[in-house]
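Take a look at the structure set out below.
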C-alpha cells in the first residue's frame, strides 16, 4: 500500500519501520522537513520524505502520528480542510489527555477522533494504536519482542468498512490483532480507556492488574 505518515516521532518510526518491512511505500510528512528527511533515511527502502500535503496525496491510508497539540497544525499543512484526505482511511492514534492525569481534554463529551473527522472533511477516520506505548511497535518492528509474548490486540472503531479493513491489515503487518469495537461514535469510549491506563500508570499502578480476565464467550446479558 501507499501510506502517508504525518509525524516524525517514536510512533511514526515504530509503525513506519514495520510497514516498510512489510513492503509498503511510505511518505513521511511533518512540520519539520529536516526531521522527516532523517526519519525517511532511517526507515530506508522506498520511504521518502515530503511535505504534509504530499504525504496525504494519493495514499491508500494516512497515519496521524502527532501529539494532540500538533494535530490542528499538521492537518492544516496537509490541506485537510480543503478535502485532501477525502475518501482516505485516516488512522488516529492520538490521546487528547491531560499529561500525567489521563483526564480527556474535550470537555463537551466529544472524542478527539470526531474532532479530527470534522477537521478533515471526507476522511474515513479510524481510531487505532492509541493504547500501547510507541516502543511496543518499535520492539516488534526490530524483532525484539519476546517469542512467547502474545500478540497485542488493537481495538479500533470507525464508520467505513473499507477503512476498517485497511487498518486491520496494517495492524497485522506490525504483529497486532485487530478488534473492531464499532462505529466512530465509540471512539470516546476507547479514548477514556487510554485515560484510565495513563492515570493508573502515572499513579504507579499496573493498569493490567485493575482489569479482570474474562475468558472469551463467558459474558452473558
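Determine whether residue 117 is in contact with a strand residue (DSSP E or B) (Cβ under 6 Å, 6 or more places away or on another chain), buried (at least 17 other Cβ atoms within 10 Å of the Cβ), within 30 Å of residue 42 (Cβ to Cβ) and modelled with pLDDT of 90 or more. In short, no. Among the criteria (1) outside any loop (DSSP other than H, G, I, E, B); (2) out of contact with any helix residue (DSSP H, G or I) (no Cβ under 6 Å at 6 or more places or on another chain); (3) over 17 Å from residue 117 (Cα atoms), the one residue 27 does not fulfil is (2). In a residue-by-residue description of region 89-104, the property of being more than 13 Å from the chain's Cα centre (by Cα), free of Cβ contacts under 8 Å to residues at least 12 places away in the same chain and under 20 Å from residue 201 (Cβ atoms) applies to at least one position.
Considering only residues in region 19-38 that are modelled with pLDDT of 95 or more and crowded, with 23+ Cβ neighbours inside 10 Å, the one that is nearest to residue 121 (Cα to Cα) turns out to be 29.
Residues that are buried (at least 23 other Cβ atoms within 10 Å of the Cβ) and either without any contact (Cβ under 8 Å) to a residue 12 or more places away in the chain or under 14 Å from residue 11 (Cα atoms) (or both) within region 44-77 comprise 62, 63, 64, 65, 66, listed in sequence order. Of the listed requirements (1) over 26 Å from residue 81 (Cβ atoms); (2) assigned to a helix (DSSP H, G or I); (3) touching a helix residue (DSSP H, G or I) at 6+ places or on another chain (Cβ under 9 Å), residue 45 misses just one: (2).
The values are calculated or read from the model by the stated rules, or taken from the named source; none is laboratory data. As the structure is a prediction and not an experimental result, all values here were calculated from the model. Note that each Cβ is placed from the backbone with ideal geometry, even for glycine, and that neighbours are counted across all protein chains shown.
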